[in-house]
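Some notes on the structure that comes next.
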Amino acid sequence: MHTLQGLLILTTFIAPGLCAVYQQLSDLRQDEFDFVIAGGGTAGAVLASRLSEVRGFQVLLIEAGPSNEGVLDAEVPLFASRLHNTIYDWNFTTTPQEFANGRIVPYARGHILGGSSSINAMAYTRGSIDDYDRWARVTGDSGWSWNKIFPYFKKHELFMQPTDGRNITGDFDPAVHGFDGMTRISLPNQLQRDFDARFIKAADELGGKFSYNLDMNSGKPLGSAWFPSTAGGGERRSSATSYLTRQIMKRKNLHVLLNTRATRIRQTSKSHSSKSHGPEFDTVETFGNGRGSRTFRATKEVILSAGTVGSPHILLHSGFGNAKELQSVGVKPLVNLPSVGKNLTDHPLLVVDFAADATEPNVLADPTILAEALEQWKTSRTGPLTNTVDNNVIWGRLPADSPFEDPSAGPNSPHWELLPAVNLGNAPEPHLSAFISLVSPASRGTISINSSDPLDSPVIDPAFFTAPVDVASARDGVRNIRTFYAAKAFEGYIKSESPPSAGAESDEELDAFISATFATTWHPTSTVKMSPKGADYGVVDPDLKVKGIQGLRVVDASVMPFVVSAHTQTAVYVIAERAADMIKRDWHERA
Ligand SMILES: Cc1cc2nc3c(=O)[nH]c(=O)nc-3n(C[C@H](O)[C@H](O)[C@H](O)COP(=O)(O)OP(=O)(O)OC[C@H]3O[C@@H](n4cnc5c(N)ncnc54)[C@H](O)[C@@H]3O)c2cc1C
Ligand SMILES: *[C@@H]1O[C@H](CO)[C@@H](O)[C@H](O)[C@H]1NC(C)=O
Ligand SMILES: *[C@@H]1O[C@H](CO)[C@@H](O)[C@H](O)[C@H]1NC(C)=O
Ligand SMILES: *[C@@H]1O[C@H](CO)[C@@H](O)[C@H](O)[C@H]1NC(C)=O
Ligand SMILES: *[C@@H]1O[C@H](CO)[C@@H](O)[C@H](O)[C@H]1NC(C)=O
């Protein structure tokens, strides 16, 4: 860490003016910009990059965490899990979860330039046609439909060959991918001996809902498929590495302020308020590492991109929310928007383990193998460290005769996702894990505050499994991975299911396992929900402007009207890409 900081300070010292990165609040002299973006995460970095394409726009990006430069664990794909509970993680936890008998669930969020895209597991999944068409339907803006969003997938994506050089013809559908976008995407960089072939064989053998799907990013994800990631070229590609490259950072009109928290959004000071339609919010109050607070003013717009936890947190402390709830913690209500922090939606996660004759080396558990693998990664970006946790995926739905009201966006949206991982984790014995993520949940939670100090942590209650259909989806997921692994293709390979799920057969037994072990897939959304213009609920209009006021937009995962039935980063990238276009259009500028 010390070497890294030294290096960064040295860089700033050698190249003043060239480097628009400020390590601390006091380094930045300018107070006024056209755009001030609070949160340099997945969406924030995209916006800063796209808006600074317009030479006439002065853009300030404020990030609470440090730079991503030189952070090895954020570069080596398989090292992702090492970033939890470090300075790159906000280290949040949930409130005691009722369904888990009061257990608290760790709730990682990126605290680093690039945000959660710098610490996530890199799965590249878009969701289904139905997910986006539902957004369009419930917001009254067809611009959010699958067909209208599709060009943004391509604008974001730079699909490339895996680094092992194998021929992937027939493993994906080129028609649905982008080949000259910003973020490098690829199929798994290295095959898993034995397992990957068995996986495809099992899909063919079982057919039906397990049938092989050529490309699950076509908008029709159901079935078994290869699992692409944002580890294109064998290393992590985050919004920071792909949208804030060294070249882009050289722009004179782009300013990136690190290690600084945005604490509140404030109303225009009297001397500036000339507009006639409602109050203007053009000021961002910040706090930097013991250096006190300072405000920055946006002459065009303030954009909040602090994420599903951070954005409602800042809004609540700024007086946006339910008036009574704000008063009860000593915050003065300014804008009556009771939906702020409500409708928190997240994907619960389960792990089922099997003893298996898996021949893949357990890279992370064996120091000798790890040293070799790291050397290989450093010299050629090939080998076992270039992959994320898994190479394959199965997306499936609850049976059609399920007694519950369907919480999914439609027949193309899965309820559960099964992710097989080979020899992952600390257990030295060969084993197969299956991660089960519930991707169309009905449970809704909240982000709230319990003090008037914006530096205090928010209160995070995802209310996991409070909707019974989510428990039914979880049981169905466990039963389906058992069915899949019972295929002939795995005969002699998979030995037995391991504790604690082994032997849990009845609904009651499965529920006990689920309650005792579930975690999160880290996909929270919808706490600053989009709703139609004029709706009596929701926080932002379909153009992502905060309702009832002027000058403030929110652009990040929090605005999703419903969570997509997929890992959420790709949806965030396209939300940010479309938002950048909307903002440029509003200010009559094109890059
Ligand atoms: C551990 C983990 C694994 C995941 N795995 C995957 C995966 O494999 N595939 C996938 O698609 N998705 C995955 N996700 C989810 C995905 O990464 C997120 O949905 C997405 O990155 C969210 O983007 P965002 O812009 O909304 O927020 P973020 O990327 O989290 O950005 C918010 C930024 O705002 C900053 N911030 C917050 N508050 C303040 C403040 N007060 N002042 C200044 N800055 C602030 C944060 O530090 C952060 O940089 C994962 C997430 C995590 C945490
Ligand atoms: C998260 O916890 C780690 C380990 O305790 C700590 O070093 C780090 O500073 C914490 N992160 C933040 C943002 O405070
Ligand atoms: C890859 O395989 C396809 C068909 O299997 C073939 O047409 C193509 O020429 C191969 N590409 C290379 C570079 O070998
Ligand atoms: C939560 O979302 C639903 C569906 O969009 C909406 O009807 C409801 O009003 C929202 N709740 C709040 C408190 O905003
Ligand atoms: C407020 O919530 C935070 C985060 O959940 C918690 O750590 C803290 O103890 C709570 N404080 C009070 C006074 O309830």
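The values are calculated or read from the model by the stated rules, or taken from the named source; none is laboratory data. Since the structure is predicted, the reported quantities are computational estimates derived from the model, not experimental observations. Quick reminder, even Gly has a Cβ in these numbers, built from the backbone with ideal geometry, and neighbours come from all protein chains shown. Calculation scope for accessible area: heavy atoms of the full protein, side chains included, ligands and nucleic acids excluded. Shrake-Rupley method; radii C 1.70, N 1.55, O 1.52, S 1.80 Å.
A few remarks follow.
- Conditions (1) open to solvent by less than 10 Å² (accessible area, probe 1.4 Å); (2) closer than 17 Å to residue 286 by Cβ; number of the one not met by residue 43: (2)
- Every test in (1) touching a residue at least 60 places away in the same chain (Cβ under 8 Å); (2) closer than 30 Å to residue 515 by Cβ is passed by residue 400 save one, and that test is (1).
- Condition met for residue 35 (among the hydrophobic types (A, V, I, L, M, F, W, C), over 17 Å from residue 240 (Cβ atoms) and either open to solvent by less than 60 Å² (accessible area, probe 1.4 Å) or more than 16 Å from ligand 2 (Cβ to nearest atom) (or both)): yes
- Against the test of being more than 26 Å from residue 264 (Cβ to Cβ), open to solvent by less than 20 Å² (accessible area, probe 1.4 Å) and assigned to a helix (DSSP H, G or I), the options 571, 576 yield a single qualifying residue, 571.
- Of the residues making up segment 513-523, those that are assigned to a helix (DSSP H, G or I) and open to solvent by 40 Å² or more (accessible area, probe 1.4 Å) are 516, 517.
- Condition broken by residue 114, with the remaining ones in (1) within 16 Å of ligand 5 (Cβ to nearest atom); (2) open to solvent by less than 10 Å² (accessible area, probe 1.4 Å) satisfied: (1)
- Filter result for residue 472 (more than 16 Å from ligand 4 (Cβ to nearest atom), over 27 Å from the mean Cα position of the chain (by Cα), at pLDDT 95 or above and assigned by TED's automatic domain parsing to the domain that holds residue 414): no
- Test: residue in segment 187-195 that is away from ligand 3 (no atom under 16 Å from the Cβ), under 22 Å from the mean Cα position of the chain (by Cα) and open to solvent by less than 10 Å² (accessible area, probe 1.4 Å): yes
Results for (1) touching a strand residue (DSSP E or B) at 6+ places or on another chain (Cβ under 8 Å); (2) at pLDDT 95 or above; (3) part of a helix (DSSP H, G or I), shown as yes or no for each residue.
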| site | (1), (2), (3) |
| --- | --- |
| 95 | yes, yes, no |
| 112 | no, yes, no |
| 116 | yes, yes, yes |
| 120 | yes, yes, no |
| 132 | no, yes, yes |
| 136 | no, yes, yes |
| 147 | no, yes, yes |
| 150 | no, yes, yes |
| 153 | no, yes, yes |
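- Flag if residue 178 is more than 16 Å from ligand 4 (Cβ to nearest atom), open to solvent by 10 Å² or more (accessible area, probe 1.4 Å) and assigned to a loop (DSSP other than H, G, I, E, B): no
- Every residue from segment 330-353 that is out of contact with any helix residue (DSSP H, G or I) (no Cβ under 7 Å at 6 or more places or on another chain), open to solvent by less than 30 Å² (accessible area, probe 1.4 Å) and not in a strand (DSSP E or B): 337, 339, 346, 347
- Single residue of segment 415-447 satisfying the filter (of a type in the set (S, T, N, Q) and in contact with a helix residue (DSSP H, G or I) (Cβ under 7 Å, 6 or more places away or on another chain)) that is most open to solvent (accessible area, probe 1.4 Å): 426
- In segment 67-85, of all residues being open to solvent by less than 20 Å² (accessible area, probe 1.4 Å) and assigned to a loop (DSSP other than H, G, I, E, B), the one that is farthest from residue 426 (Cα to Cα) corresponds to 67.
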